[in-house]
Amino acid sequence: MGIARVALPVAVPHAFDYWIPEGLDVRRGSVVRVRLANRSSLGVVVGIDSASEPGLRVQPIDEVIAIPPIADEILDLALFVGRYYQAAPGLALELAVPPSCKARSRRRDGAGVADVPQLAPASHALNPAQRAAAQAILDARGTSAVFMLHGVTGSGKTEVYLAAAQDAVERGGQVLILMPEINLTPQFELRVRAALPGIRAVTLHSGLAAGTRRASWDAAASGAARIVLGTRLAMFTPMPELALVVVDEEHDDSFKQQEAVRYHARDLAILRARRRGIPVVLGSATPSLETWARSRQGRYRALALPARADPRASPPSIAFVPLRGSRTQDGLSPPLRDAIAQRLARREQSLLFINRRGYAPSLKCASCAWESECPRCAARLVVHHAPDRLRCHHCAHVERVTRACPQCGNVDLTPLGFGTQRLEQAIRTAFPQARVARIDRDTTRSRGAFAAVRQQVEDLEVDILVGTQMLAKGHDFPRLTLVGILGADNALYSADFRATERLVALLMQVAGRAGRAGLPGQVIVQTDFPDHPVYRALATQDYAAFADELLAERELAQLPPVTRVALLAAEAHSRDDVDRFLASAVERAHALAEGAGGIEVFPPVPAAMARRAGYERGQVLVQCPRRAPLQAFLPRWRDALVGIGGSKLRWAIDVDPVAF
Ligand code: ADP
Ligand code: ZN
Ligand code: ZN
């Protein structure tokens, strides 16, 4: 007899009581099947009260799933996630339930579908900077040191991770390596296998079949797998001998889950490592300002790899060319066209980066002001070719391309701006002899498509590569010597305070694709604002100076990471409902924040995208110089909001939000 407290995957802040029938072995962490409102559901036992007698209306546990109970470490991590990120504990605990116990979730963790490429890269003897970094990590074994490994693109951060991982494994430990994108895991896996033969490594991400994922999970939990490579969901993998955690590209926003349970896997990595007393390495060419600030305060230890690792490689040369007033043709400036032609003549490769898929960002009438707009979102419809359609990139809306302006009847409708399709077409027109490939979400939907193009580039079957940020990270092509950056100015107009930080990270990564091996690299940026700090940082390749400056600005503006923020986001079909809800949310927040350690409540504003998929969206920001008062305030605020929005309104609290 006794009572089990079971967290169920429903949006309530508490667990439910069930009685334990004779003969069932129920423990803390057991995954059980129970009934809730006459529906069968899986749940996780979070506590047991063996003394207590069941009340009259309490139901029994129906079944204990035949898997080992979730380890305390993972259970506690998930419960922390529930508390800290203001999520229902049962939803947070779903993250800790092994895959294939539950119905397979369709949520994606990073773009693309992975496939294993053929070529195993060579590993190297470490250079002095790499050796010093690796040694510092080894010396910290058994302590909860946090390292910021700041290494320029191509500096060989991976070899440092692998050296530290090898040491940890040789001493009987396990290593967890997190990366932002599914597409990066096959490359990394190959490097692990080449560098550490005989060590069992498994991967974990949402692109794997449930059975494969489960096998990886079990191998990690039993200790059979010594290295786990994965995306953010791998953060919850049980690893009894975990001795080192690595977060590669730690600045990447895909570590933050943006819906349901809004956790940040990098931050959880730091927490999990601290609780275990093991080191964690945060690697990036452009560390997040959160990480940067803490390293400046001396709380994280900074390790630097200031130069490219390949002794033949040198930093790329970077040029800015204006669009205004130049003889730009089809979006291509004369210097960029010339540079591409030179590469073709030398049988080298070029990469043209534009961060918009489709043909053109919108369709416009030349005689009145009409522009193609999504009827359900505050967004333009994007022109796509083959098939010719107007598509919304924020909801499922698709329509045929109108021949005539719906407003004035004029038939002179023009696509406005450039997307990857249009750039590809322009390139094919300008260089009919070149072999061109495009990589964006439209061309890589099917399984293996990304890896196939990647392989073609590696095999020198492609001269010019056109694509979005899918190409920016981690891919190493020795004959790629030119990177053209187009349309980046658009990102300068963003209202998000992190826009410049993100743009620099992206541009430095893209630029880092040029000239990785012996051939010198060149980067051409088409911009009308070459003096903007973002481009200055790119030109000087001095991320430290840029980050220090940005941090000083955040200090002045009292923005994260200097302060802590949380966002209340609400949406409903009626703008009035949203406004009313947020107004009373602000009122209640003011009452609760009274004397609560400097919590500032901002007035309600529309979301950056004010309408999406038919929902009107608004938000309220709360800010505090310190974490603790905000954490004390948030659950009280959340409780005060329950029920006031009505059934037609959806709301959520996002702690440490990365998108607004
Ligand atoms: P990062 O992740 O820092 O961008 P990588 O780890 O991918 O850099 O390394 C960049 C390139 O340098 C790779 O081709 C890698 O094989 C090579 N490399 C790494 N370390 C060394 C070294 N010590 N000597 C020579 N080449 C190296
Ligand atoms: Zn018109
Ligand atoms: Zn839409």
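At-a-glance table
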| read-out | value |
| --- | --- |
| Residues whose placed amide H lies under 5 Å from that of Ala145, excluding near-sequence neighbours | Val280 |
| Highest-first arrangement of 345-355, 508-518, where packing means the average Cβ count within 10 Å | 508-518, 345-355 |
| Neighbourhood charge, 12 Å Cβ-Cβ cut-off, centred on Glu249 and excluding it, Lys, Arg +1 and Asp, Glu -1 | -1 |
| Residue order, fewest to most beta carbons within 10 Å, for Ser123, Ser206 | Ser123, Ser206 |
| Three principal axis lengths of the stretch 235-311 [C-alpha, angstrom, descending] | 41, 31, 29 |
| Table column - 3J(HN,Hα) (Hz), the stretch 66-77, Karplus curve with 6.51, -1.76, 1.60, x for Gly and Pro | 7, 9, x, x, 4, 4, 3, 4, 6, 4, 5, 4 |
| The stretch 278-394, Rg to Rh (Cα coordinates; Rh as Kirkwood inverse mean 1/r) | 1.12 |
| Euclidean distance of C-alpha centroids, the stretch 266-290 and the stretch 357-396, integer Å | 41 |
| The chain: angle of helix 575-593 to the longest principal axis, Cα-based, in degrees nearest 10 | 60 |
| Sorted peptide list for 457-463, 409-415, criterion being average Cβ within 10 angstrom, highest first | 457-463, 409-415 |
| Antiparallel bridges, percent of DSSP beta bridges restricted to the chain (to nearest 5) | 50 |
| Proximal aspartates and glutamates relative to Lys364, as straight alpha-carbon distance under 20 Å, when same-chain residues fewer than 8 apart are discounted | Asp330, Glu373, Asp388, Glu399, Asp412 |
| Angle in degrees between helix 185-195 and the longest Cα principal axis of the chain, rounded to the nearest 10 | 90 |
| Overall Cα dimensions of the chain - principal axes, largest extent first, Å | 83, 66, 47 |
| Built amide H within the under 5 Å cut-off of Gly151, gap 5+ | Ser284, Ala285, Leu305 |
| Cα-based Rg / Dmax (Å) for the stretch 564-655 | 12.7, 39 |
| Principal axes of the stretch 128-305: Cα extent on each, largest first, Å | 44, 38, 31 |
| For Leu416, residues with placed amide H under 5 Å, excluding near neighbours | Ser362, Leu363, Lys364 |
| Cα pair distances of the stretch 3-94 binned at 5 Å [whole percent] | 3, 15, 27, 26, 18, 9, 2, 0 |
| Whole-Å distance, taken between Cα centres, linking the stretch 116-192 and the stretch 495-556 | 25 |
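Here, each number is a calculation from the coordinates, and none is a lab measurement. None of the values given here were measured: they were computed from a predicted structure. FYI the Cβ positions are ideal-geometry reconstructions off the backbone, even for glycines, and counts take in every protein chain you see.
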